[in-house]
1. Which of the residues belonging to segment 60-70 are within 11 Å of the chain's Cα centre (by Cα) and either among the aliphatic types (A, V, I, L, M) or under 16 Å from MET13 (Cβ atoms) (or both)?
2. VAL40 fails exactly one of the following numbered conditions: (1) out of contact with any Phe, Trp or Tyr (no Cβ under 8 Å at 6 or more places or on another chain); (2) open to solvent by 30 Å² or more (accessible area, probe 1.4 Å). What is the number of that condition?
3. Look through THR18, THR50, THR28 and report the one residue that is within 11 Å of the chain's Cα centre (by Cα) and either farther than 15 Å from GLY68 by Cβ or surrounded by fewer than 11 Cβ atoms within 10 Å (Cβ to Cβ) (or both).
4. Hey, THR56 hits all of (1) of a type in the set (Ser, Thr, Tyr); (2) open to solvent by less than 70 Å² (accessible area, probe 1.4 Å); (3) touching a residue at least 40 places away in the same chain (Cβ under 8 Å) but one; which does it fall short on?
5. In segment 48-69, how many are of a type outside the set (A, V, I, L, M, F, W, C) and under 16 Å from LEU2 (Cβ atoms)?
6. Please go through segment 6-15 and pick out each residue that is exposed (fewer than 11 other Cβ atoms within 10 Å of the Cβ) and not acidic (Asp, Glu).
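The values are calculated or read from the model by the stated rules, or taken from the named source; none is laboratory data. Model, not experiment: these values are computed from the prediction. Please note: Cβ atoms are built from the backbone with ideal geometry, for glycine as well, and neighbour counts cover all protein chains shown. When the accessible area is computed, the model is the full protein with side chains, heavy atoms only, and any ligands, DNA or RNA have been set aside. Shrake-Rupley method; radii C 1.70, N 1.55, O 1.52, S 1.80 Å.
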Amino acid sequence: MLDFLAVEKDFVMAKTTTPAEVVGQTLTQARIRDRYSVTVVAVRQDDRWTYATGDTVLVAGQRLLVLGPT
């Protein structure tokens with residue numbers, strides 16, 4: 001985790017990087033919510049943040065903005 005903001009005492013928004021085991025997969029294929037119990041809200045691409053969709057392909061070292069329980 002690179003940085004985080006507590007939204008509530010048991011729920012956070014965090015900035016992290018793409019896990020190695022899902023590099024090259026789309027968000028749908030990676031099943032991030034099932035694996036890590038977080039939702040990917042945005043990804044950093046071309047030096048700017050963009051909304052994540054199920055078709056977003058995950059890249060090594062890419063920064064992700066996620067929401068989820070602590």
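1. Step one: filter segment 60-70 for residues within 11 Å of the chain's Cα centre (by Cα), giving 62-68.
ARG63, LEU64, LEU65, VAL66, LEU67, GLY68, listed by residue number.
2. (2)
3. Numbers: THR50 fails: within 11 Å of the chain's Cα centre (by Cα); THR28 fails: within 11 Å of the chain's Cα centre (by Cα).
Being within 11 Å of the chain's Cα centre (by Cα) and either farther than 15 Å from GLY68 by Cβ or surrounded by fewer than 11 Cβ atoms within 10 Å (Cβ to Cβ) (or both) holds for just one of THR18, THR50, THR28, which is THR18.
4. Single failed check for THR56: (3).
5. Step one: of segment 48-69, the residues of a type outside the set (A, V, I, L, M, F, W, C) are 48, 50-51, 53-56, 61-63, 68-69.
Adding the requirement that they be under 16 Å from LEU2 (Cβ atoms) leaves 61-63, 68.
Number satisfying all stated conditions: 4.
6. Initial filter on segment 6-15 (exposed (fewer than 11 other Cβ atoms within 10 Å of the Cβ)): 8-10.
Residue satisfying the conditions is LYS9 alone.
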